[in-house]
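Participant: Submitted below is the structure of interest, expressed as structure tokens.
The values are calculated or read from the model by the stated rules, or taken from the named source; none is laboratory data. For clarity, every value in this text was computed on a predicted model and none was experimentally measured. Using ideal geometry, Cβ is built from the backbone for each residue, glycine included, and neighbour counts are taken over all protein chains shown. Heads up: the accessible areas ignore ligands, DNA and RNA and are worked out on the full protein's heavy atoms, side chains in. Shrake-Rupley method; radii C 1.70, N 1.55, O 1.52, S 1.80 Å.
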There are 2 protein chains.
Amino acid sequence: MPATGNPIIRTAIIGYGNLGRSVERIIADQPDMELAAVFSRRAEVGSAAPTLPADAVAEHAADIDVAFICLGSATDVPERAPELARLVTTVDTYDNHGDLPRHRAAMDAAARETGHLAMVGTGWDPGLFSLNRVLADAILPENSQMTFWGPGLSQGHSDAVRRIDGVIRAVQYTRPRPEAIERVRAGEAAGVDAASAHLRHCYVVADPADQERIREEIVTMPGYFAGYETIVDFIDEATFDAEHAGMPHGGRVLTRGRAGDSHHVVEFGLQLERNPDFTAAAQVAYGRAAHRLRAAGEVGARTVLEVPPHLLSATDLDELIAAKL
Amino acid sequence: MPATGNPIIRTAIIGYGNLGRSVERIIADQPDMELAAVFSRRAEVGSAAPTLPADAVAEHAADIDVAFICLGSATDVPERAPELARLVTTVDTYDNHGDLPRHRAAMDAAARETGHLAMVGTGWDPGLFSLNRVLADAILPENSQMTFWGPGLSQGHSDAVRRIDGVIRAVQYTRPRPEAIERVRAGEAAGVDAASAHLRHCYVVADPADQERIREEIVTMPGYFAGYETIVDFIDEATFDAEHAGMPHGGRVLTRGRAGDSHHVVEFGLQLERNPDFTAAAQVAYGRAAHRLRAAGEVGARTVLEVPPHLLSATDLDELIAAKL
């Protein structure tokens with residue numbers, strides 16, 4: 001127990017891909033958290049904490065304050081997260097925007113059954129970008145608002161492509177069209193929408209016999225690619241390793257709107273050297289908030305829109321007010 | 001009462017300068033607010049709502065859900081806001097950062113005496129910028145963080161200069177130094193602080209006999225100018241009217257920090273065509289939140305760091321989650 005008298009938050013990681021590994025690194029930097037276990041389908045994942053079987057969460061739940069769900073959004077989160085929310089307080093980064101209302105309702109019901117809290121859709125989009133969309137829209141209700149993603153690699157979309165039968169390796173890059181950014185800043189956003197403002201570019205390693213079917217499955221995938229201009233390039237594994245190992249990302253939420261007789265631009269931007277590290281950092285901060293809300297007696301699902309911002313910080317409120325207000 | 005069943009929030013404006021006038025314009029655009037009265041030391045201010053004497057708030061308090069305090073930060077807010085917080089739920093834009101902890105404590109004690117809520121330090125800085133400083137610092141605790149103001153006119157600082165004896169007209173512009181912005185983005189922020197990253201430039205109309213004393217009072221004013229490079233130019237009234245009638249402003253909060261093994265830049269920026277309009281828009285949105293928190297039984301002082309973001313919006317949470325998450 002630290003000198004402040006706050007108990008250490010006992011955490012677990014469920015799923016140990018890129019995101020889970022980053023969450024472990026981030027937890028190690030927090031003054032008020034420790035990692036109790038990693039749950040994985042694999043017997044040994046290389047974590048410094050004990051690796052336990054994916055189906056053993058129930059028997060260890062009493063020793064876990066917050067579980068970071070680091071499973072894939074395409075199928076694992078919707079299938080497994082509600083059963084986890086019945087066992088422990090959870091934080092996910094589920095990123096299928098269109099499905100978030102359904103996911104939130106499922107997590108709310110599951111968490112309430114057993115008196116846990118389930119923080120859904122953290123990370124940066126959904127997450128910090130959602131928060132900025134709501135703030136700017138609340139202050140300037142008559143607005144043009146656009147979210148631009150990239151240039152960068154999308155984990156959620158890459159994961160969705162990798163789940164397609166026959167895909168050996170895959171990445172997806174999102175690129176904003178610069179002329180669309182300038183149109184929104186200048187107040188000429190009419191006709192600019194997410195699909196026309198971006199390209200989605202996939203690089204895929206697959207057997208030639210599978211390629212046409214894979215291309216078709218990608219470009220028609222609802223919630224991910226349908227409606228977007230999507231380029232699918234098939235490359236060999238050596239090219240993939242040489243050119244697509246990094247995970248940069250970023251983007252911006254741009255809102256131009258009226259207040260009184262004048263117009264204003266609100267812009268929130270991220271430049272991320274390594275997407276899973278930043279996503280994990282946001283997830284871990286919302287994990288602190290989830291723990292504090294649960295400790296205050298709250299249960300059910302919560303989104304980033306419902307969290308008092310100071311609860312994300314390891315620094316206490318009085319000190320934040322003195323240093324940051 | 002609107003079709004949604006939500007009662008209309010009955011508001012008042014206390015003080016009718018630039019900010020008070022903007023608040024009236026913004027309230028008129030809200031679907032869930034009406035302006036009951038303006039309280040002013042002047043008999044008639046030109047508002048569409050009744051103008052009532054500044055000392056008549058107590059006798060009308062029962063008809064006011066939220067009062068927007070639009071008095072000057074230099075002396076009026078610290079002197080008068082606590083007595084107002086005893087009478088009604090208040091929202092202020094008090095912008096003396098160093099004095100905010102004291103102000104919050106005074107407002108907390110006053111509001112609790114009579115069961116009201118006092119939202120302190122709204123607007124954009126303090127306000128939205130504070131929120132972004134805390135969010136970015138919570139997610140990337142090992143960081144270089146800098147706030148840049150301008151180029152633009154500072155209401156609070158201009159007001160502070162205008163309260164000096166002998167000042168006839170005055171404005172203050174803040175200008176960031178571009179090389180300081182680039183240093184923070186590049187991770188070379190060591191040695192860059194608020195004072196070295198900005199110039200403060202005042203244009204003042206005053207009798208020549210008063211000018212040296214006024215210059216000295218400005219550059220040594222604690223909490224506003226002391227410690228900054230401050231330029232004071234005395235000009236004539238015709239020049240003032242021709243060149244200093246607009247109120248543009250803006251700025252950015254820039255945070256570069258580490259998560260895991262990688263580095264990331266978080267940036268929140270504003271470009272404001274007319275500062276009091278945007279400040280008022282933020283103040284009014286936090287007024288909605290203040291009313292909702294009070295209606296939920298909360299009392300005492302609150303800062304922007306403590307407010308669940310969806311409470312700012314006239315749109316309900318389920319709809320925000322579907323449209324913005």
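Participant: With charges set only on the Cβ (+1 for Lys and Arg, -1 for Asp and Glu), what does the dipole of the protein assembly as shown come to about its Cα centre, in debye to the nearest 20?
Facilitator: Using Cβ point charges on Lys, Arg, Asp and Glu, the protein assembly as shown gives about 380 debye.
Participant: If we sort A:128-141, B:237-250, B:216-229 on the protection proxy, mean other Cβ atoms within 10 Å, highest first, what's the order?
Facilitator: With the highest mean Cβ count within 10 Å placed first, the list reads A:128-141, B:216-229, B:237-250.
Participant: Accessible area per residue for the range A:33-175 in Å², computed with a 1.4 Å probe and the full protein assembly in place, what is it?
Facilitator: On the way: 4970 Å² over 143 residues.
On a per-residue basis, the range A:33-175 sits at 35 Å².
Participant: Long-range amide H contacts for B:LEU117: which residues qualify at under 5 Å (H placed 1.01 Å from N, peptide plane, sequence gap of 5 or more or a different chain)?
Facilitator: HN-HN under 5 Å from B:LEU117: B:THR89, B:THR90, B:GLY300.
Participant: Provide the per-residue ³J(HN,Hα) series for the range A:289-298, in order, calculated from phi with Karplus coefficients 6.51, -1.76, 1.60 and θ = phi - 60°, each as a whole number of Hz, with x at glycine and proline positions.
Facilitator: 4, 4, 4, 5, 5, 4, 5, 7, x, 7
Participant: Classify the range A:42-83: rounded, prolate or oblate, from the alpha-carbon gyration tensor (a ≥ b ≥ c, eigenvalue square roots; a/c under 1.5 rounded; otherwise prolate if a/b is larger than b/c)? Spell out each step's value before the answer.
Facilitator: Numbers: a/c = 1.89, a/b = 1.26, b/c = 1.50.
The shape class here is oblate.
Participant: Over all distinct alpha-carbon pairs, what is the Kirkwood Rh of the protein assembly as shown in angstrom?
Facilitator: Every distinct Cα pair counted, the radius reaches 26.2 Å.
Participant: Hey, if you put +1 on the Cβ of every Lys and Arg and -1 on every Asp and Glu Cβ in the protein assembly as shown, which of B:SER262, B:ILE231, A:PRO178 ends up farthest toward the positive end of that dipole?
Facilitator: Positive-end residue among those listed: B:SER262.
Participant: Can you bin chain A into rounded, prolate or oblate? Criterion: square roots of the alpha carbon gyration tensor eigenvalues sorted a ≥ b ≥ c, rounded for a/c under 1.5, prolate for a/b above b/c, oblate for the rest. Walk me through the numbers on the way to the answer.
Facilitator: Details: a/c = 1.85, a/b = 1.13, b/c = 1.64.
Judged from the Cα gyration tensor, chain A comes out oblate (a/c at least 1.5, b/c at or above a/b).
Participant: Only protein chains counted, 1.4 angstrom probe. Which residues of the range A:131-165 are at least 50 Å² less accessible in the assembly than when their chain is isolated?
Facilitator: When all protein chains are present, A:VAL134, A:LEU135, A:ALA138, A:ILE139 each give up 50 Å² or more of accessible surface.
Participant: What size of dipole, in debye to the nearest 20, comes out for the range B:152-247 about its Cα centre when the only charges are +1 on Lys and Arg C-beta atoms and -1 on Asp and Glu C-beta atoms?
Facilitator: Here the range B:152-247 has a charge dipole of around 380 debye.
Participant: Name the residue farthest towards the positive end of the dipole of chain B from the options B:VAL45, B:THR75, B:HIS291, assuming +1 on Cβ of Lys and Arg, -1 on Cβ of Asp and Glu, about the Cα centre.
Facilitator: Among B:VAL45, B:THR75, B:HIS291, the one farthest towards the positive end of the dipole of chain B is B:HIS291.
Participant: Using the Cα centre of chain A as origin and beta-carbon charges of +1 (Lys, Arg) and -1 (Asp, Glu), tell me which of A:VAL167, A:GLN271, A:CYS202 is placed farthest towards the positive end of the dipole.
Facilitator: A:GLN271
Participant: For B:276-288, what's the mean count of beta carbons from other chains sitting within 10 Å of each residue's beta carbon? Present the calculation step by step, with values, prior to reporting the outcome.
Facilitator: On the way: counts 3, 8, 9, 1, 3, 10, 5, 1, 3, 6, 2, 0, 1.
That average works out to 4.
Participant: What's the center-to-center distance, using Cα atoms, between the range A:6-75 and the range B:13-86 in Å?
Facilitator: 52 Å
Participant: Magnitude of the Cβ-charge dipole of chain A, K/R +1 and D/E -1, about the Cα centre, nearest 20 debye?
Facilitator: Details: 30 positive and 46 negative charges, 107 e Å.
Computed about the Cα centre, the dipole is about 520 debye.
Participant: Once each part is reduced to its C-alpha centroid, what is the distance from the range A:266-325 to the range B:254-325 in angstrom?
Facilitator: Each part's Cα centre sits 13 Å from the other's.
Participant: Starting from the range B:1-110, pick out the chymotrypsin sites (Phe, Trp or Tyr not before Pro) whose DSSP state is loop and whose Cβ has at most 14 other Cβ atoms within 10 Å.
Facilitator: Hits after loop and neighbour filter: nothing returned.
Participant: Please report, as a whole percent, how much of the solvent-accessible surface of the protein assembly as shown comes from carbon and sulfur atoms (probe radius 1.4 Å).
Facilitator: Roughly 49 percent, rounded to a whole number.
Participant: Mind telling me which of B:ALA67, B:ALA301, B:ALA180 comes out most flexible in a GNM of chain B, alpha-carbon contacts under 10 Å?
Facilitator: B:ALA180
Participant: Still on this structure, I have one more. Give the accessible surface of the range B:239-325 per residue, rounded to a whole number of Å², with probe radius 1.4 Å and ligands, DNA and RNA excluded.
Facilitator: 31 Å²
Participant: How many percent of Cα pairs in the range B:152-247 exceed 15 Å?
Facilitator: Tail fraction, whole percent: 61.
Participant: Before we go on, tell me the buried accessible area for the B/A pair, both chains summed, 1.4 Å probe, in Å² to the nearest 100. Write out the running numbers ahead of the final one.
Facilitator: Working: alone 15130 and 15110 Å², together 24690 Å².
So the buried area, both faces added, is about 5500 Å².
Participant: Would you kindly derive the ³J(HN,Hα) couplings of the range B:300-306 from the backbone phi angles with the Karplus curve 6.51 cos²θ - 1.76 cosθ + 1.60 (θ = phi - 60°), listing them in order in whole Hz, with x for Gly and Pro?
Facilitator: x, 7, 9, 9, 4, 6, 9
Participant: Rounded, prolate or oblate: which fits the range A:233-312 when a ≥ b ≥ c are the square roots of the eigenvalues of the alpha-carbon gyration tensor, with rounded for a/c under 1.5 and prolate only if a/b beats b/c?
Facilitator: oblate
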